[in-house]
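Take a look at the structure set out below.
Derivation of every value follows stated rules applied to the coordinates shown; laboratory data play no part. Nothing here was measured: the structure is a model prediction, and the numbers come from that model. Virtual Cβ from ideal backbone geometry, glycine too; neighbours counted across all protein chains shown.
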Amino acid sequence: MLKKLKVSYQGIAGAYSHLACYNYFGKDIDAIGCETFEDAMQMVEDKEADYALIPIENKTAGRVDEFYGLIPQMKLQIVGEHYQKIEHHLMGIEGSTIEDMEYVYSHPQGLAQCRDTLKELNIKPIAQFDTAGSAKEVKRLQNRKIGAVASSLASEIYGLKILKSNIQDQKDNFTRFIALSNERDIDISDDKDYITSIIFKVDNRPSSLYKAIGGFAKNRVNILKIESYIPLGKLRDSRFHIDIDGAVNRDSVKESIDILQNSVNKFKILGVYRKNRYI
């Protein structure tokens with residue numbers, strides 16, 4: 001009998017990260033909730049889990065700063081990406097109705113993303129630590145006047161009734177997740193699209209960043225994203241994270257990376273992985 005994959009994530013059962021684990025790896029896994037991103041990543045480093053699935057940016061809320069604070073110490077490799085559509089649902093205990101609802105619990109971002117709908121329904125938002133935890137608390141309280149905004153998975157796990165589906169004001173909201181593993185090598189196929197993720201530090205001199213990434217323009221390699229971040233506890237130590245279009249087996253990508261590596265400090269490839277298009 002094959003052993004189930006163990007996948008760690010930050011949050012409790014029913015969190016959007018939990019749902020993302022199922023959508024990316026399939027439901028036949030052991031999904032393990034952790035208190036922090038660092039805990040989820042440490043489980044993989046300690047070989048207590050096969051993968052960690054970590055959110056790094058949301059279309060409306062922006063990047064997840066906690067992850068960028070952990071990058072310099074990260075020993076894991078990025079081995080995949082997943083775009084999770086964020087669909088918020090208004091839910092309550094069995095027997096409750098929207099007309100009963102006076103208050104709704106959820107994470108502040110979840111409430112903000114449903115502001116117009118909640119205002120229209122005349123339901124007062126109450127901020128809580130997370131979405132799934134809000135659903136769990138509504139189940140515990142057994143109060144028809146209190147609902148939660150959370151995922152469909154949270155409603156299943158905590159036995160709540162969905163009173164109104166897809167109440168988010170922006171219908172195409174999504175979160176980008178990355179899959180992390182101890183694995184270092186992947187099989188690169190010429191007929192697939194890949195992303196290479198890199199972090200580096202440049203000297204504090206004029207044009208140093210321009211010179212470092214100039215090789216990508218020279219070789220016509222597309223930079224998909226570039227982020228600057230400051231590691232935890234190092235207020236004057238700015239670094240950069242870039243995602244580039246292509247794998248290191250392409251001559252143009254390899255030459256561009258060589259130019260970058262020779263122009264910067266603390267260079268590290270975080271991973272080469274299949275591009276996962278958002279649908």
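Things worth noting here:
- Prolate/oblate/rounded label for the stretch 2-87 (Cα gyration tensor, a/c 1.5): oblate
- Those aspartates and glutamates that a straight Cα-Cα span of less than 20 Å connects to LYS211, excepting residues fewer than 8 apart in one chain: ASP203, GLU227, ASP237, ASP243, ASP245, ASP251, GLU255, ASP258
- Set of aspartates and glutamates near LYS4 by C-alpha distance (under 13 Å), chain-local residues within fewer than 8 positions excluded: ASP28, ASP30, GLU48, ASP50
- Helix-derived mean residue ellipticity, 222 nm - over the chain, DSSP H n ≥ 4, -39500 (n - 2.57), to 500: -7500 deg cm²/dmol
- Long pairs among LYS6/LYS119; LYS85/LYS139; LYS75/LYS139; LYS218/LYS268; LYS171/LYS254, criterion Cα-Cα beyond 30 Å: LYS6/LYS119; LYS75/LYS139; LYS171/LYS254
- Each of VAL138, VAL44 has some number of other Cβ atoms within 10 Å of its Cβ, and from fewest to most they run VAL44, VAL138.
- Debye intensity ratio in log₁₀ form over the Cα atoms of the stretch 196-274, taken at each q of 0.15, 0.19, 0.23 Å⁻¹: -0.48, -0.76, -1.09
- Legend: P(r) of the chain from all alpha carbon pair distances, 10 Å bins from 0, whole percents, reading 6, 26, 29, 21, 12, 4, 0.
- Estimated Rh, the stretch 89-164: Kirkwood, alpha-carbon pairs, angstrom: 11.6
- Compared with the dominant Cα axis of the chain, that is its longest principal axis, helix 208-218 is turned about 80°.
- Sparse-neighbourhood loop sites, trypsin sites (Lys or Arg not before Pro) in the stretch 169-209 - DSSP loop, at most 15 other Cβ within 10 angstrom: LYS171, ARG184, LYS192
- Between 0 and 90 degrees, the angle of helix 16-25 with respect to the longest Cα principal axis of the chain falls at about 60 degrees.
- Principal-axis tilt of helix 131-141 within the chain, Cα atoms, nearest 10 degrees: 20
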